1. Could you let me know the centre-to-centre spacing of segment 84-152 and segment 11-30, using Cα atoms, in angstrom?
2. How much length is gained on full extension from Lys151 to Met1, taking 0.36 nm per residue of separation minus their Cα-Cα distance?
3. Taking the Cα-to-Cβ direction at Ser136 and at Lys113 and moving 7 Å from each Cα, how far apart do the two end points lie in nm?
4. Could you run the Karplus curve 6.51 cos²θ - 1.76 cosθ + 1.60 with θ = phi - 60° over segment 113-121 and give me ³J(HN,Hα) per residue in whole Hz, x for Gly and Pro?
5. Please give the net charge around Pro116, taking every other residue with its beta carbon less than 14 angstrom from that of Pro116, where Lys and Arg add +1 and Asp and Glu add -1.
6. At a probe radius of 1.4 Å, what is the per-residue accessible area of Glu107, in Å² to the nearest 10?
Amino acid sequence: MTWLLLLLNDHDILLLHSPLKADQLIEAIRAGEWMPAPPYDHLLPTTQPGEVARWRAFRRGGLVVVMPHPSSRQQAPRFASANLTLNLSPRQRQIVQFLSEGLTIKEIARQLKLHPRTVALHIAEIKSRLGGSTLSQSVGKATVLGLCRPKK
């Protein structure tokens with residue numbers, strides 16, 4: 001059984017499972033042969049009536065992450081339409097890593113020898129670039145996309 005994270009858009013995320021192995025699941029998704037089981041099958045965006053949008057799939061740790069392919073006619077989520085590793089500066093990647101470890105703005109500022117307001121500005125930019133409305137949502141997206149690794 002494989003767990004998959006279905007990122008429908010900027011706001012809708014589902015955690016599903018499939019009896020297929022991760023590699024088989026990724027192949028089926030890329031070939032357009034995969035659909036989530038009911039009741040979730042109606043949530044898929046379509047390019048034309050009755051036609052399912054193409055999906056992009058990749059592995060992140062033990063999960064298969066599935067999101068609309070940027071070339072589909074549907075508006076792709078902001079975080080899926082760009083190469084995030086290049087969009088986040090090295091300092092922003094450091095900050096998102098610290099956030100994923102549970103550090104506060106003041107603790108991050110001390111670690112990086114920055115003013116807390118500077119850290120807060122970096123966080124606002126991270127949220128904007130990842131398309132997150134909240135800090136938790138942005139850190140969650142960064143984690144799924146492999147931009148940070150939370151402490152276990």
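1. With segment 84-152 and segment 11-30 each reduced to a Cα centre, they are spaced 27 Å.
2. So the chain would gain 51.5 nm between Lys151 and Met1.
3. Inter-label distance under the simple model: 3.5 nm.
4. In residue order, the calculated couplings are 6, 10, 6, x, 5, 5, 4, 4, 5 Hz.
5. +3
6. 70
The values are calculated or read from the model by the stated rules, or taken from the named source; none is laboratory data. Please read all numbers here as calculations on a predicted model, not as lab measurements. Virtual Cβ from ideal backbone geometry, glycine too; neighbours counted across all protein chains shown. The accessibility values were calculated without ligands, DNA or RNA, using every heavy atom of the protein model including side chains. Shrake-Rupley method; radii C 1.70, N 1.55, O 1.52, S 1.80 Å.
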